[in-house]
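Student: Next up is a structure, given as structure tokens.
The values are calculated or read from the model by the stated rules, or taken from the named source; none is laboratory data. Note that the structure is a prediction, hence the values are computed from the model and not measured. Here Cβ is always computed from backbone atoms with ideal geometry, including for glycine, and neighbour counts include all displayed protein chains.
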Amino acid sequence: MAILTVSKAMASGARAIGEAVAAATGYEYLDRARMLEEVKRQGPECEKWIKGFEEYYPDVWERYDWSFRGFVAIVQSIMLNHAARDRVIISGMGAGFLLRNTRHALHVFIKASMEARMKRVQGDDEVISRDTARWLLEKSDDETARAEYAIYGRHWGDPDEYDMAVDTSLKPQGQIVDEIKEALTRCDAYNTEAARNALGLRALAAKIKAVIAINPDYDVTTLIVEPKEEGLPEYGLEIKGVVREEGDIEQIKEVARNLAGDMPVEFDLVYRWYPRIGPWQFK
């Protein structure tokens, strides 16, 4: 079956739609809360990161900080490995951009009018004012857009970035759920063995990168782990990076080979005592 990613505006009703689609299709529903629980299980250091990097825009220095890079790497690994198991709805955390080249993935953006969103935030008792509700929503939109652009270089909320963009203030939930289910059925035609192999290869690459990135014993300033040939497992993986400790190179190679199993791995790891600051590359 196809994979569904959901990007959403805060208080747009996206969670109810995602859960309804999951109930109707038997799909697993993986949202941000569940992903962060999986991050916590990676160790106490990972749990600390969650408090600082829950979908907010990192400044220029934080983009090069070990904790930010490690947090992104582990979240991407979680999303890709769930996607590789198929029949999953992944909501939030930039899943649509991470999986944008996966042919059997449907990418949906769910929004609503500002008025409808403000009413949801205020609730029936209207504990907070309209101005406060609007401020919270605009802040959430801005921070989510900045975070996803910082990581993926893509424009959150731009309808052209998604396969479908739906407005819950214009259509009833049942109609939206039916439209998504129909689109998933069409998308399933692309769920071929080749597509699954390509996704599985990316998931393995992400797992290896995450294990290296979250290990504080390795002083890595740049790390790229990717298929040598996209979608062709027989060519294996390629690992490139810059380290500040020469002894880390052999340790990283050993870790990568153990995780890769029988899959061939090529390395281009360079020791540089004081590397020039450059962009951390998410691939």
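Student: Identify all residues within region 189-208 that are surrounded by 15 or more Cβ atoms within 10 Å (Cβ to Cβ), out of contact with any Asp or Glu (no Cβ under 9 Å at 6 or more places or on another chain) and of a type in the set (D, E, K, R); write none if there are none.
Tutor: Selection gives Lys207 alone.
Student: Now, a different point. Among the residues of region 115-140, how many are modelled with pLDDT of 95 or more and acidic (Asp, Glu)?
Tutor: 3
Student: Would you tally the residues in region 1-47 being under 14 Å from the mean Cα position of the chain (by Cα) and free of Cβ contacts under 8 Å to residues at least 12 places away in the same chain?
Tutor: The number of residues fulfilling the criteria is 2.
Student: Out of Val88, Val75, I need the residue that is outside the structural domain of Ile214 (by TED's automatic domain parsing) and under 20 Å from Gly153 (Cα atoms). Which one?
Tutor: Selected residue: Val75, the only one of Val88, Val75 that is outside the structural domain of Ile214 (by TED's automatic domain parsing) and under 20 Å from Gly153 (Cα atoms).
Student: I've got another one for you. Looking only at residues that are of a type in the set (D, E, K, R) and touching a strand residue (DSSP E or B) at 6+ places or on another chain (Cβ under 7 Å) in region 128-178, which one is nearest to Val6 (Cα to Cα)? Break it down into steps so the answer makes sense when it comes.
Tutor: Within region 128-178, the subset of a type in the set (D, E, K, R) is 130-131, 134, 138-139, 141-143, 146, 148, 154, 158, 160-161, 163, 167, 171, 178.
Right, trim to touching a strand residue (DSSP E or B) at 6+ places or on another chain (Cβ under 7 Å) and you get 163, 167.
Numbers: Asp163: 11, Asp167: 13 Å.
Here the answer is Asp163.
Student: Quick one: which strands (runs of 3 or more DSSP E) lie wholly within region 133-249 and hold at least 3 residues that are outside the structural domain of Pro264 (by TED's automatic domain parsing)?
Tutor: 164-167
Student: Restricting attention to region 168-185, does a residue exist that is at pLDDT 95 or above and closer than 21 Å to Asn81 by Cα?
Tutor: Yes, the conditions are met somewhere in region 168-185.
Student: Against the definition (surrounded by 14 or more Cβ atoms within 10 Å (Cβ to Cβ), polar (S, T, N, Q) and either touching a residue at least 40 places away in the same chain (Cβ under 8 Å) or closer than 20 Å to Arg15 by Cα (or both)), how does Thr168 come out, yes or no?
Tutor: For Thr168, the condition - surrounded by 14 or more Cβ atoms within 10 Å (Cβ to Cβ), polar (S, T, N, Q) and either touching a residue at least 40 places away in the same chain (Cβ under 8 Å) or closer than 20 Å to Arg15 by Cα (or both) - is met.
Student: Looking at this structure, is Leu106 out of contact with any strand residue (DSSP E or B) (no Cβ under 8 Å at 6 or more places or on another chain) and either under 30 Å from Tyr27 (Cα atoms) or not β-branched (Val, Ile, Thr) (or both)? It would help to see each step written out before you state the result.
Tutor: On the way: out of contact with any strand residue (DSSP E or B) (no Cβ under 8 Å at 6 or more places or on another chain): no; either under 30 Å from Tyr27 (Cα atoms) or not β-branched (Val, Ile, Thr) (or both): yes.
No.
Student: Could you list, in sequence order, all residues of region 106-127 that are free of Cβ contacts under 8 Å to residues at least 12 places away in the same chain and closer than 19 Å to Thr5 by Cα?
Tutor: Matches in region 106-127: none.
Student: While we're here: Condition first: in contact with a Ser or Thr (Cβ under 9 Å, 6 or more places away or on another chain), closer than 16 Å to Ala14 by Cβ and not basic (Lys, Arg). Now tell me which residues in region 115-137 satisfy that.
Tutor: Within region 115-137, Ala116, Val121 qualify.
Student: Any residue that is in the same structural domain as Ala16 (by TED's automatic domain parsing), in contact with a strand residue (DSSP E or B) (Cβ under 8 Å, 6 or more places away or on another chain) and either not in a helix (DSSP H, G or I) or not basic (Lys, Arg) (or both) - is there at least one of those in region 113-127?
Tutor: yes
Student: Next up: Would you check if Asp178 is surrounded by fewer than 20 Cβ atoms within 10 Å (Cβ to Cβ) and farther than 17 Å from Ala95 by Cβ?
Tutor: yes
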